[in-house]
Amino acid sequence: MSHRSAAPNGHQADRGWSRAIGIDVEPGRFFEGSNVVWRIAPFVLAGLLPFALVPIAGISFADTRVQIAAALVPVIVGSALLVPWERLPAWPQAIPPLAYFVLLALLRKATGTAPNIFDPLLSIPVTWFAIYGTGRELGASIVAMGLTFLLPVILAGHSTYDHNQLQRAIVAMGLAATVGPAVHALVLALRRTTNELGEAEERFRKAFDDSQVGMALVSTAGRYQRVNRALCEITGYPEN
């Protein structure tokens with residue numbers, strides 16, 4: 001027989017799938033705690049993806065705007081990994097993901113056409129904030145997405161953009177404003193459920209281990225999966 005707590009084992013099992021989605025991460029503080037590298041890995045890939053599309057977009061890496069956008073990638077990733085975020089308020093952590101809109105705006109301007117091959121990538125920061133951010137950060141990302149779409153339409157001298165671009169911007173913002181909050185609500189509900197299950201498991205563990213009555217969990221095959229100290233004392237078997 002063995003005397004073990006099942007709670008830590010279950011917690012470790014959760015780590016395999018939850019470390020990337022950050023179930024135990026406080027909303028808005030996504031660059032703190034453990035497994036930060038796992039959380040930003042998709043964001044790093046998203047930062048590299050636009051430059052894989054540069055040849056397809058028909059623009060040159062020699063373009064100054066493309067070079068500035070490329071220089072932003074190590075700045076964004078480096079700040080996420082190296083800045084001591086735990087010493088700062090929560091809101092500055094939204095700056096690196098929001099800077100992704102600047103990167104895409106530069107690449108969209110270098111292309112100068114609509115529809116733009118980089119347009120779908122504007123949903124990446126919105127998705128990031130829907131999973132890791134607060135409601136306000138999600139709202140700010142949706143506004144930033146709209147500005148990235150609309151500023152070329154509003155500013156003078158961009159004759160390549162027409163009213164169709166405005167329609168696409170409105171549709172994209174509508175989708176982001178619908179899907180983003182829905183994903184955000186689901187993630188919050190998942191975090192809350194996970195925390196409640198963890199608390200319930202911890203209460204059971206304490207009640208089981210601290211009980212003065214001998215107790216055991218037995219599998220359908222008749223094997224002891226877990227016993228408490230009281231049962232070991234009654235039977236005379238050691239805990240391990």
- prompt: Peptides 62-73, 204-215: what's the order by average Cβ count within 10 Å, highest mean first?
  reply: 62-73, 204-215
- request: For Ile234 paired with Leu82, estimate the spin-label separation in nm (one decimal), with each label point 7 Å from Cα along the Cα-to-Cβ line.
  value: 6.1
task: Take the Cβ-Cβ distance between Leu188 and Thr220 as r, set R0 to 51 Å, and report the resulting FRET efficiency rounded to the nearest 0.05.
output: 0.90
query: Taking amide hydrogens as modeled 1.01 Å from N in the peptide plane, which residues meet the under 5 Å criterion relative to Gln225, leaving out close sequence neighbours?
result: Leu217, Val218, Ser219
message: At 7 Å along Cα-to-Cβ for each site, give me the label-to-label distance between Val179 and Ala200 in nm.
response: 3.2
Length released on extending from Asp210 to Ile170, taking residue separation times 0.36 nm less the Cα-Cα span: 8.4 nm
- request: Report, to the nearest whole %, how much of the accessible area of the range 16-144 belongs to carbon and sulfur atoms, 1.4 Å probe, protein only.
  value: 71
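The values are calculated or read from the model by the stated rules, or taken from the named source; none is laboratory data. All figures in this text were calculated on a predicted structure; none of them were measured in a lab. Virtual Cβ from ideal backbone geometry, glycine too; neighbours counted across all protein chains shown. Areas reflect the complete protein model, heavy atoms only, side chains present, ligands, DNA and RNA absent. Shrake-Rupley method; radii C 1.70, N 1.55, O 1.52, S 1.80 Å.
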